[in-house]
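Peer 1: Shown below is the structure under consideration.
The values are calculated or read from the model by the stated rules, or taken from the named source; none is laboratory data. All figures in this text were calculated on a predicted structure; none of them were measured in a lab. Ligands, DNA and RNA are excluded from the accessible area calculation, which covers all protein heavy atoms including side chains. Shrake-Rupley method; radii C 1.70, N 1.55, O 1.52, S 1.80 Å.
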Amino acid sequence: MGSRRGSGSSAPASSPGSRSAAFTARAAILAVVVCAVLLSLAYPLREYVAQRGEIERLQAQQRATERRVAALARQQQQWNDPAYIKAQARERLHFVLPGETAYVVLDPGARAKEDASGSPTLSPLQPDVGSGPWYSELWRSVQAADHPVDPTER
C-alpha cells in the first residue's frame with residue numbers, strides 16, 4: 001500500500017531521442033515567449049526614451065526662457081529709473097536740457113570726398129545746400145534719364 005517510489009520497479013526509461021525533442025520543443029517555446037516579451041516591451045521602451053528626450057529639450061527651452069525673462073526684468077528695472085530714461089534720451093535722441101548748447105561735429109572733408117562713381121558723398125546731416133529746390137533736381141534727373149551717358153566716354 002505504499003508508493004511505488006521505493007520499490008524495485010522503475011519507470012519506463014525514455015529514449016534519448018524523445019528527451020532531446022522535448023528539450024528542443026521547450027527551448028523553442030521559451031524562445032518564442034522571450035521574443036514576445038521583448039517585442040511587447042520594445043514600443044513602450046522606445047516611447048519612454050523619446051519622451052525623456054522631449055522632456056530634456058523642453059527643460060532646456062524653459063531655462064532659456066527663464067534667462068530671457070530675467071534679462072527683460074532687469075531691463076524693465078532700468079527703464080523704471082528716471083535717470084536712466086534721461087540718459088537714454090540724451091544719448092539716443094540728442095536731447096539737451098534748457099540752457100545747454102548742442103554741438104554736432106561734422107567732417108569738414110565730407111563734401112569734398114567722392115566715391116568710386118564720381119558723385120560727392122554727403123553725410124545724412126548735411127543737405128546739399130547749393131543744388132536748389134527738390135523739384136528742380138527731380139526735373140534734372142528726368143532730363144538726364146532721356147540722354148544716357150556712355151561709360152566709355154568718361
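Peer 1: Can you give the extra length, in nm with one decimal, that the chain gains between Glu56 and Arg74 once fully stretched, where that is 0.36 nm per residue apart less the Cα-Cα distance? Walk me through the intermediate numbers first.
Peer 2: Working: separation 18, 0.36 × 18 = 6.48 nm, distance 2.72 nm.
Taking Glu56 through Arg74 to full extension adds about 3.8 nm, to one decimal.
Peer 1: Carbon-plus-sulfur fraction of the accessible area of segment 22-83, 1.4 Å probe, in percent? Display every interim value, and only then the final one.
Peer 2: On the way: 3630 of 5530 Å².
Carbon and sulfur: 66 percent of the exposed surface of segment 22-83.
Peer 1: Can you put Tyr84, Tyr48 in order of accessible area, largest first, using a 1.4 Å probe?
Peer 2: On the way: Tyr84 60, Tyr48 135 Å².
Final ranking, largest accessible area leading: Tyr48, Tyr84.
Peer 1: Same structure again: Can you sort Glu56, Glu91 by 1.4 Å-probe accessible area, starting with the largest? Before the final figure, lay out each step's value.
Peer 2: Numbers: Glu56 95, Glu91 125 Å².
Of Glu56, Glu91, the descending order of accessible area is Glu91, Glu56.
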